[in-house]
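Working notes, structure below.
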Amino acid sequence: MAYHTPVYLLLFLPAVLLAYQITPQKKRWLLLLGASWIFFWSVSGKLLIFLIGTILFTHYIGLGLETLKSRCRLEAGKPENDRKQIQALFKKRQRLVLAAGIFGLLAVLGYLKYYNFFAQNVNLLLEKAGRPALLTAKNLVLPLGISFYTLRAVGYMADVYWERTSAFVHPGKLALCLSFFPQLMEGPISSYSQTAGDLWKGSPIRSENLAAGAWRILWGLFKKVLIADRLNVLVKAVFDQYESYGGVVVAAAAVAYTVQLYMEFSGAMDMIIGSGRMFGVSLPENFRQPFAAGSAAEFWRRWHITLGTWLKTYVFYPVSTSRIVKKWNRFGKNHAGKYVTKLGVTAICLFPVWLLNGLWHGPRWSYIFYGMYYFTILLCGEALAPVRERILKKWNISEQTVWWAVPRRLKTWVIIVVGELFFRANGLKAGLHMFVSIFTDFRPEKLWDSTLLNLGLDSGDYLVILLGCAVVGIVGVVKEHNLWKEENTKRFCAPIRWAACYGLLLAVIIFGAYGIGYQQVDLIYAGF
């Protein structure tokens, strides 16, 4: 029951909306929680126990941290006690509880998601050393959205530890935050301050929220079924049989996958945010015109924003204040100079972020390579930043100048496409083969002969893709330059609004990737 399926759009979501509206306000959180668990059960069945276990475990870790803080304040307030000693003692206990909570959650995620990958590589090393295999593969099944709700649970525990939020006394509030069905499959990875209030309040459904949510869902469907699902045919044909195609076809497939992934993931986010909007819940945006970025660093501030924010908050910042960074700072100032010291700090802080980014996507070397690829790109960008700034200052160049900005953006697009090539490739070896073929077997004539028409798409399909991308691109430009605001839409008369709505709906129905030659494509990020 994915967000783009008729079962969700025409049955489940309307039924939940109706039941929500007729349920007393104080009980609406229960209705949403029940609906979320039914949604989870429809996809993962009895694996629901993992979600419930995570909720209970996280709840009691939060209460444990809150209890230790209360006891610390009580003990430190007694005149006969040493305030600093008491605070240090309880801080240590809180760190132990937090570490136990994080370890418990990540141990379950790590075992289910990465055990077979670990076992395979250990056995491979033993085989190279001439020894028998030590670990056996296991038939493990991942619960729906485990990577997403685990990160939210870890974030909650850390926020309670840092006193950014108080622990929820009522377990239902935490359960709803971790389980809310629009977020279960693909995020966004919201913090509790962003959604807890809206979810628990149980506000009545309003016509403006229904209209705005429906528009957002339709827009997401447009990107998903018109463009992403159609491109999937071409992408699958080339990436599954990459040895049969030359470099220019591989490059075209890499571009196609980059577009597919954006249309798929951002389209899913539109459907998710639109679903939440219908209930009056404001979910955080996950994309902000990423292809308008002028650098790889800016791209990641615009792409999968909530994952980047989570990694920055719970990995980058703690590492930046860690002992190893402080020691390097002291050493660097005395022996390496300001530039090398700063670059070293950047490397120390970025490395775990991008290693975890790669691993989070799945147990494959190509994902780890993807993370290290961006780590290298961003570190090089930081290393070359003084040179770039010196050039801009010396020649009095504005970064907004067309002849400077356009090449930077094109360079960023190349970095993005190369990264997605390795991300999509069926293994690191396949990705390297495809990348090399771009430089060793690049025959441009393959773009205009019949090769592209033998990949499952005809000229009509390519026309729909191009027109769909043009529409999405125009909307992106309007958003990027803030040329139109949502409230402006209300100023149109009803016939114009309804005509636009029906036009979008008919485009989805008529030109969607259905029928012979197409298969229903699962949501890509739901697999992570």
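Go through (1) open to solvent by 10 Å² or more (accessible area, probe 1.4 Å); (2) free of Cβ contacts under 8 Å to residues at least 60 places away in the same chain; (3) in contact with a Leu (Cβ under 7 Å, 6 or more places away or on another chain); (4) part of a helix (DSSP H, G or I) and name the single condition ALA119 misses.
Failing condition for ALA119: (1).
Looking only at the stretch 374-387, how many residues end up being more than 18 Å from VAL340 (Cβ to Cβ) and open to solvent by 70 Å² or more (accessible area, probe 1.4 Å)?
0
Residues LEU10, LEU89: which one is in contact with an Asp or Glu (Cβ under 9 Å, 6 or more places away or on another chain), more than 25 Å from TYR192 (Cβ to Cβ) and not in a loop (DSSP other than H, G, I, E, B)?
LEU89
Which one of these is in contact (Cβ under 8 Å) with a residue 24 or more places away in the chain, under 33 Å from the mean Cα position of the chain (by Cα) and either closer than 30 Å to THR5 by Cβ or open to solvent by 30 Å² or more (accessible area, probe 1.4 Å) (or both): ILE55, ILE49?
Matching residue, one of ILE55, ILE49: ILE55.
Tally time: how many residues in the stretch 393-443 are crowded, with 17+ Cβ neighbours inside 10 Å, more than 16 Å from GLY358 (Cβ to Cβ) and of a type in the set (Gly, Ala, Ser)?
Counting residues in the stretch 393-443 that are crowded, with 17+ Cβ neighbours inside 10 Å, more than 16 Å from GLY358 (Cβ to Cβ) and of a type in the set (Gly, Ala, Ser) gives 2.
Sort through ARG323, ARG330, ARG390 and tell me the only one that's among the charged types (D, E, K, R), under 30 Å from TYR111 (Cβ atoms) and either in contact with a strand residue (DSSP E or B) (Cβ under 8 Å, 6 or more places away or on another chain) or surrounded by fewer than 16 Cβ atoms within 10 Å (Cβ to Cβ) (or both).
Just one listed residue meets the conditions, ARG323.
Every residue in the stretch 216-229 that is in contact with a Ser or Thr (Cβ under 8 Å, 6 or more places away or on another chain) and more than 22 Å from VAL43 (Cα to Cα), please.
Passing the criteria: only LYS223.
Going by the structure shown, is GLU66 over 28 Å from GLY280 (Cα atoms), in contact (Cβ under 8 Å) with a residue 40 or more places away in the chain, assigned to a helix (DSSP H, G or I) and more than 26 Å from the chain's Cα centre (by Cα)?
yes
Residues that are touching a residue at least 60 places away in the same chain (Cβ under 8 Å), farther than 27 Å from GLY362 by Cβ and basic (Lys, Arg): which helices (runs of 4 or more DSSP H) entirely in the stretch 143-244 hold 1 or more of them?
171-179, 192-201, 207-221
Scan the stretch 304-320 residue by residue and report those that are open to solvent by 30 Å² or more (accessible area, probe 1.4 Å) and not hydrophobic (A, V, I, L, M, F, W, C).
The answer is THR309, LYS312, TYR314, TYR317, PRO318, SER320.
This table checks each residue for (1) without any contact (Cβ under 8 Å) to a residue 60 or more places away in the chain; (2) crowded, with 22+ Cβ neighbours inside 10 Å; (3) under 21 Å from PHE148 (Cβ atoms); (4) in contact with a Gly (Cβ under 7 Å, 6 or more places away or on another chain).
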position: TYR257; (1), (2), (3), (4): no, yes, no, no
position: GLU264; (1), (2), (3), (4): no, yes, yes, no
position: ARG277; (1), (2), (3), (4): no, yes, yes, yes
position: LEU283; (1), (2), (3), (4): no, yes, yes, yes
position: ALA293; (1), (2), (3), (4): no, no, no, no
position: ALA297; (1), (2), (3), (4): no, no, no, yes
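Please verify whether the stretch 69-77 includes one or more residues that are surrounded by 15 or more Cβ atoms within 10 Å (Cβ to Cβ) and either within 30 Å of SER179 (Cα to Cα) or of a type in the set (A, V, I, L, M) (or both).
yes
Please verify whether the stretch 199-217 includes one or more residues that are in contact with a Gly (Cβ under 6 Å, 6 or more places away or on another chain) and farther than 28 Å from GLY503 by Cα.
The answer is yes; a qualifying residue exists.
The values are calculated or read from the model by the stated rules, or taken from the named source; none is laboratory data. Bear in mind the structure is a predicted one, so any value in this text is a computation, not a measurement. Backbone-built Cβ (ideal geometry, glycine too); neighbour counts: all protein chains shown. All accessible areas refer to the heavy atoms of the entire protein, side chains included, with ligands and DNA or RNA removed. Shrake-Rupley method; radii C 1.70, N 1.55, O 1.52, S 1.80 Å.
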